[in-house]
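Reading through the C-alpha cells given below for one structure.
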Amino acid sequence: MNPESSPFRPGQPIPIEFFVGRRKEVERLHGMVKASVRGNFKIGFVSGERGIGKSSLAHFVRVLAEHESKTAGCHVFLGGVHELEEMLRRTFDRLLKDSMDKPWHESVKSFFGNRIRKVGLFGVTLELNLAGDDLSMLAHDFVPSITQLLAQLKGQNEALLLILDDMNGLATSEVFANWLKSIVDEIATSQQQVPLCVLFVGLEERRRELVKSQPSLARVFELIDITPWSGDEVREFYERAFESAGATISDDNLNALVRFTGGLPVLAHELGDAVWRTAQSLHVDTDDMVNGVILAAEVIGRKLLEPQIFQAIRSERYRSILRKVASTPRIRLRRAELMSHLTDAKKRVMDNFLRRMRELGALETDPEVRGGYRFPNTLYSLYFTMEATRAGGSI
Ligand SMILES: Nc1ncnc2c1ncn2[C@@H]1O[C@H](COP(=O)(O)OP(=O)(O)OP(=O)(O)O)[C@@H](O)[C@H]1O
Ligand SMILES: [Mg+2]
C-alpha cells in the first residue's frame, strides 16, 4: 500500500487522538499536576526502557493538564546538555517558545522583558538571550524566579509543569544533582506555596546516576515506571490504526503482530508501517504480515540497533544458530538448552555467537541462572526473533 497513506508514524511523536492506553500512569501524573495546582510542589521521574513511550506519555499529560487543569506546560529535551546553566537556558527558552500560541504568552514575555529577541527569516521565532550573569542568577534564585513567574501567570494558569526529557549528560553532573537537592529543600522549608510540578523523563540508569551523585535525591522523586503495553493495548493500537485507514486484518494475523510487538510502542509503529507498505490491498493477509515482519527487521536493525550487532546477526554463519536462539520472542535463554541437538561444529558456532553477542552488549549473563543468558531489553529479544523469521524460521 502507499506509504503516504500509512496510519502508522514510525519515529514521530504521536498525535493526541492516536495515543493508546497508559490510563493508570496518565491519572497518576495528572494527579501530581493537580496537586501542584493546589499549591504543592511535586517532582517525579518517569522511567522505562527505550521506545516504551515515556516522552509520548509526558506530552499527553502536558496537553491534558493544559486543557483541564489551568497549567502552563513546558517540555524540554536535554540530550547533549551537561551543565546546569545550559539546562536552565534551554528550559526557559523552551518555555518562551512553548507559550507562543498560548493565551499566557504575553505574561511570559513580560517576565523576560528585554532578554527576548526575534530570530529566524521573518523574525517570527523568539529566542531568549540570557547572559552568563542571568543564568547564574537563575540558578541561584531559581525558586524566587519561578514563584515570580507563576505570580505573573496567575489567573490564566495556576501551575507550571516542567518536563525535563532525555537528561543524559546532566545525570552525572554533581553540580546539577546538588543544585536540584537544594531547590527541593528550599521549597520544602519555605512558607510559600510553589505550584510547580517537575517531571524528569529518562532511562532508569539516569535516575540511578543522579542518585549516585546526590544520594538524598533517592527519596525525593515520585517514581513512575513505564512498562510495556499489555497485549490488549497493543491490539487496540493496531485495531485503531488499521480501522482509521479503512483496512482489515484477521484475528490470527493480528495476534501474530501483537506477539512480535512485545508491548513496545516504538516497534508497533515500525511493524505496522512495514506491514502497511507490503500489504497488497486493504485486507492485510498472512503473506503481508510475514513480509511486513521481515521488512521491519531490516528497518529496525538499521534504525534502532548498533551497526555491529546488526552486522553480526546478519552474518551467514549464524543463520541456523539464530533460528535456534530466537524462534519465539523471549528474554531468557539457557546454554544447555541451546546446545541440545547440535553437532559439535554447530556447538562451537553457538558458543562463538553467545560470546560475540555478549561482547556487543546484545546479550548478558543471567545472574539468576547458571549457564543462563538474557537480553538486556525487550527490543533486542524481539529483533532477534524477527531476524530468525527472516532467516527462514516460522512465525
Ligand atoms: N501511548 C502511545 N500510543 C501510541 N503510540 C505511542 C504511545 N507511546 C509511544 N508511542 C509511539 O512509540 C514511539 C516511541 O515513543 P517515545 O518516543 O515516547 O518513547 P520514549 O520512551 O520516550 O523513547 P526514548 O527512550 O528513545 O526517548 C513513538 O513513535 C511514539 O509515537
Ligand atoms: Mg523519549
ask   = Which value does Rg/Rh take for segment 83-153 over its C-alpha atoms, Rh per Kirkwood?
value = 0.96
task = Find, among the trypsin sites (Lys or Arg not before Pro) in segment 277-348, those assigned to loop by DSSP (not H, G, I, E, B) with at most 15 other beta-carbon atoms within 10 angstrom.
result = 330
message = Charges at C-beta only: +1 for Lys and Arg, -1 for Asp and Glu. How large is the resulting dipole of the chain about its Cα centre, in Debye rounded to 20?
response = 980 debye
task = Could you tell me what % of all Cα pairs in segment 230-352 have separations over 17 Å?
result = 62 percent
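Compute, for segment 212-273, the length of the dipole vector about the Cα centre, with Cβ point charges of +1 (Lys, Arg) and -1 (Asp, Glu) only. Units Debye, rounded to 20.
In debye, rounded to 20, segment 212-273 gives about 420.
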task = Could you work out how far helix 231-244 tilts from the main Cα principal axis of the chain, as a 0 to 90 degree angle to the nearest 10?
result = 80 degrees
key: segment 177-300: projected area of the alpha-carbon convex hull, averaged over directions, in nm²   = 10.6 nm²
query = segment 328-395: which GluC sites (Glu not before Pro) are DSSP loop and have at most 16 other beta-carbon atoms within 10 angstrom?
reply = 368
remark   = The distance between the Cα centres of segment 151-214 and segment 1-75, in whole Å, is 18 Å
request  = Find which of 320, 274, 336 sits farthest along the positive direction of the dipole of the chain, computed with +1 on the beta-carbon of Lys and Arg, -1 on that of Asp and Glu, about the Cα centre.
outcome  = 336
Cα-based helix-to-principal-axis angle, 23-37 vs the chain, degrees rounded to 10 = 10 degrees
task = Counting only DSSP beta bridges with both residues in the chain, tell me the antiparallel percent, nearest 5.
result = 25 percent
ask   = Between segment 324-383 and segment 274-308, how many Å separate their Cα centres?
value = 24 Å
message = Could you tell me which residue out of 129, 47, 157 lies farthest along the dipole of the chain toward its positive end? Charges go on the beta carbon: Lys and Arg +1, Asp and Glu -1, centred on the Cα centre.
response = 47
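Report the equivalent ellipsoid semi-axes for segment 22-225 in whole Å, largest first, defined as the square roots of five times the eigenvalues of the gyration tensor built from alpha carbon atoms.
24, 20, 18
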Radius of gyration and maximum dimension Dmax of segment 277-340, Cα, Å = 14.7, 45
key: Kirkwood Rh in Å, taken over all unlike Cα pairs in the chain   = 23.5 Å
task = Would you mind checking the radius of gyration and Dmax of segment 307-395 based on alpha-carbon positions, in Å?
result = 11.8, 32
query = By how many degrees, 0 to 90 and rounded to 10, does the Cα axis of helix 174-189 deviate from the longest principal axis of the chain?
reply = 50 degrees
remark   = hull vol. (C-alpha, convex hull) per residue for segment 210-281, Å³ -> 118 Å³
remark   = Given unit charges at Cβ for Lys, Arg (+) and Asp, Glu (-), the dipole magnitude of segment 230-304 about its Cα centre in debye, nearest 20, is 320 debye
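Every number here is computed from the coordinates shown, using simple stated rules; none is lab data. Here the structure is a predicted model, which is why all the values come from computation and not from measurement. Using ideal geometry, Cβ is built from the backbone for each residue, glycine included, and neighbour counts are taken over all protein chains shown.
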